[in-house]
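Student: Take this structure, written in structure tokens, and hold onto it; I'll ask about it next.
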Number of protein chains: 2
Amino acid sequence: MLLTVGKLARRCGMTVRTLHHYDAIGLLQPASRSGAGYRLYARADIERLHRIQALRQLGLSLTDIGTALSGPQQPLAEVVDRQIAQIDRELSEAANLRERLVHLRTQLTNGQSPDLADWLDTLELMTMYEKYFSPEELKALPLHTDPDVQVEWSALISAVQSAMDRGATTDDADVQILALRWMTMVERGTGNNPEFLMRLHAMNENEPAARAQSGITRALQAFVEAAVVAARLAIFARYLDVHDMERMRANYGKQMYAWPMLIADLRKAMEENTSANDPNVQKMAQRWMELFRAYAGDSPVTHARIREAYAKEVDLRSGSAVDNSLLDYVREALAGLASTTH
Amino acid sequence: MLLTVGKLARRCGMTVRTLHHYDAIGLLQPASRSGAGYRLYARADIERLHRIQALRQLGLSLTDIGTALSGPQQPLAEVVDRQIAQIDRELSEAANLRERLVHLRTQLTNGQSPDLADWLDTLELMTMYEKYFSPEELKALPLHTDPDVQVEWSALISAVQSAMDRGATTDDADVQILALRWMTMVERGTGNNPEFLMRLHAMNENEPAARAQSGITRALQAFVEAAVVAARLAIFARYLDVHDMERMRANYGKQMYAWPMLIADLRKAMEENTSANDPNVQKMAQRWMELFRAYAGDSPVTHARIREAYAKEVDLRSGSAVDNSLLDYVREALAGLASTTH
DNA sequence: CTTGACCCTCACGTAACGTGAGCCCTTAGC
DNA sequence: GCTAAGGGCTCACGTTACGTGAGGGTCAAG
């Protein structure tokens, strides 16, 4: 049942070198080694490899994959759900490109000169094969449909870039104001949809051309993220003691992109009227607590203070798609868990 | 109508840097420059870019793309046809993977333990997403279905590797025998189908895991190709004079992978009973002559000698999928061209 | 014992850009 | 004419995820 590296490589259509590399960077380490030092991969390693491959196909770098896999894990079934959704988008996009190519081909064989704008659109589709938004989703994306949002978004990006250019730091008051405005704009531009946020993020991460167009360079993205964290920590500081703030500084923001995924899944379950006592919902609630505890620690006093902060400060929640009904839903699921535990 | 580099990049979903790079390596150079040195891209550049993008999606390296685009060009309509066929294969593969993932998800949500072999198959599909052969095509591929062919293929690869290991050169008689046997095996393993040859080649070029499995390393591939050329030049030397051989040595084998593409297209037209006087067939015949002249020069005397060599030496044709009916077809198309020219 | 297939670690190299720097060009508005 | 914003130029260092080869040990079958 344990597989050596060559066997695993062959079965997965990968190379031994790749698996060596993943071991070396700590991404996928074999369950054990034989007496002779041979790597021996077990079933749990296959599961982890599945997660890795799924994230790779979403375009994450190996470093980012490592980060994503270092926190509490989504059930594999949910990973597979996302894969299926991605394939559906790709199927749709491939069909779209196919249609365009058939049209182009018809023009070419009829001796017609292809319309240049159309042709360039087709070339764009050929390049940006990765599919981030379906046509329907684009219609529901304010950032794409609302000119006001677009103008404000551009201005905000410019303002952040200016702050960076003049050497401002993420602790500067004006930068923190920009950061909070960023989260508000994210909320507005995505229609407060965490799934869209993740998609936009993936597109910007994966596509250099998208970065060039949006002006959101890697440096700017990192700056804003750090500024958002700093701004929110400044707010938390009004509610927490020094000890708590130390832990927050070390951990808050570490799973920044795990939260939207979980929130999207929970909102979906809630919108489908799935009972809070459903085992899957309870699992998600559990993961919520794990992510929460990762920065909040285990003290009920601290938890209460953080909750107070969330309740009073809208800036702690902006852009997160967390509202009171979702919080109630999570609480109900957690209550169900507590009662089944005792 | 002329586009600056930024405009073209934006319209095509590419980066300025990429276009700079293509210019720098001579792959896509703009039609002109403004007085200030700005790159200005014209319509013909869009067409060339389309070709580049299509080949990139087939997995060719930029160097190989440059080589492919340095010879006589397939009509763009045919390039588009190949793209459409590739998309169809990808659609089919995506649907296949989707089905597998749905099955896996069902198992996971039912609390079942996924079958390991099945799971690994799914992982392989996730990795080898690129689609090289449809299930039907695999059934028609002797290299995949015929154990005898597999055994002989493996033995031949080992024999070549041994020759390389002991420092043999491509001019050694035993190496040339191996080379000719290689072409015979290619013919047998692909069922003499040039489309399959190209697909196998692409798979081996693009997939390190495939190389690891087949044992056909890049070095071995290059060695065999050079040996095939050397073996065939040795045969031609019996028919051609010193001057002709000089030109052959410089040019024969340069468009090694353009020929199978053209031959596949011509065979398809012939099998569909397209008249040799059809303009598209005549265009293909023209390209045949261009590719031929690229190594044969323009002298009718030399042409006759080369044709004599092809007629008498089966080793010059093995693995090429060129038979007498195809040659007649090409000749008929060329004759039609000659009569419409005068 | 021999041989072939497989495994180990080590380490240099690669392709296709990504990114930033420093400076010039173009256009619109004052 | 000047200024500012957006776009262009060339130069050059850096990056990610392995690919490849070297040298040597292990395992299983004959």
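The values are calculated or read from the model by the stated rules, or taken from the named source; none is laboratory data. All of these numbers come straight from a predicted model, not from anything done at the bench. Positions of Cβ are generated from backbone atoms using ideal geometry, with glycine treated the same way; all protein chains shown enter the neighbour counts. Heavy atoms of the whole protein, side chains included, go into the accessibility calculation; ligands, DNA and RNA do not. Shrake-Rupley method; radii C 1.70, N 1.55, O 1.52, S 1.80 Å.
Student: Does segment A:128-155 hold any residues that are within 16 Å of DNA strand D (Cβ to nearest atom) and either aromatic (Phe, Trp, Tyr) or under 20 Å from the mean Cα position of the chain (by Cα) (or both), and which are they?
Tutor: Across segment A:128-155, the qualifying residues are A:GLU130, A:TRP153.
Student: If you go through segment B:10-33, how many residues are among the polar types (S, T, N, Q) and either assigned to a helix (DSSP H, G or I) or within 8 Å of chain A (Cβ to nearest Cβ) (or both)?
Tutor: 2
This table checks each residue for (1) within 9 Å of another protein chain (Cβ to nearest Cβ); (2) surrounded by 14 or more Cβ atoms within 10 Å (Cβ to Cβ); (3) modelled with pLDDT of 95 or more; (4) more than 16 Å from DNA strand D (Cβ to nearest atom).
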position: B:ALA36; (1), (2), (3), (4): no, no, no, no
position: B:ARG43; (1), (2), (3), (4): yes, yes, no, yes
position: B:LEU60; (1), (2), (3), (4): no, yes, no, no
position: B:SER70; (1), (2), (3), (4): no, no, no, yes
position: B:LEU108; (1), (2), (3), (4): yes, yes, no, yes
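Student: Ok, one more. Looking only at residues in segment A:113-156 that are more than 14 Å from chain B (Cβ to nearest Cβ) and among the hydroxyl-bearing types (Ser, Thr, Tyr), which one is least open to solvent (accessible area, probe 1.4 Å)?
Tutor: Ranking the candidates gives A:SER134 first.
Student: I would also like to ask the following. Please specify each residue of segment A:20-32 satisfying the condition of being over 25 Å from the mean Cα position of the chain (by Cα) and within 11 Å of DNA strand D (Cβ to nearest atom).
Tutor: Of everything in segment A:20-32, those that are over 25 Å from the mean Cα position of the chain (by Cα) and within 11 Å of DNA strand D (Cβ to nearest atom) turn out to be A:HIS20, A:ALA24.
Student: Now for a different question. Looking at segment B:197-210, which of the residues that are within 13 Å of chain A (Cβ to nearest Cβ) and open to solvent by 40 Å² or more (accessible area, probe 1.4 Å) is farthest from B:LEU138 (Cα to Cα)? Quick ask: steps written out before the conclusion?
Tutor: Our first condition is that a residue be within 13 Å of chain A (Cβ to nearest Cβ); within segment B:197-210, this holds for B:203, B:206-210.
Subset that is open to solvent by 40 Å² or more (accessible area, probe 1.4 Å): B:203, B:206, B:208.
Working: B:MET203: 13, B:ASN206: 18, B:PRO208: 20 Å.
For segment B:197-210, the residue satisfying everything is B:PRO208.
Student: Something else: Among the residues in segment B:157-172, are any open to solvent by less than 30 Å² (accessible area, probe 1.4 Å), within 19 Å of the chain's Cα centre (by Cα) and on the phi < 0 side of the Ramachandran plot?
Tutor: Within segment B:157-172, not a single residue is open to solvent by less than 30 Å² (accessible area, probe 1.4 Å), within 19 Å of the chain's Cα centre (by Cα) and on the phi < 0 side of the Ramachandran plot.
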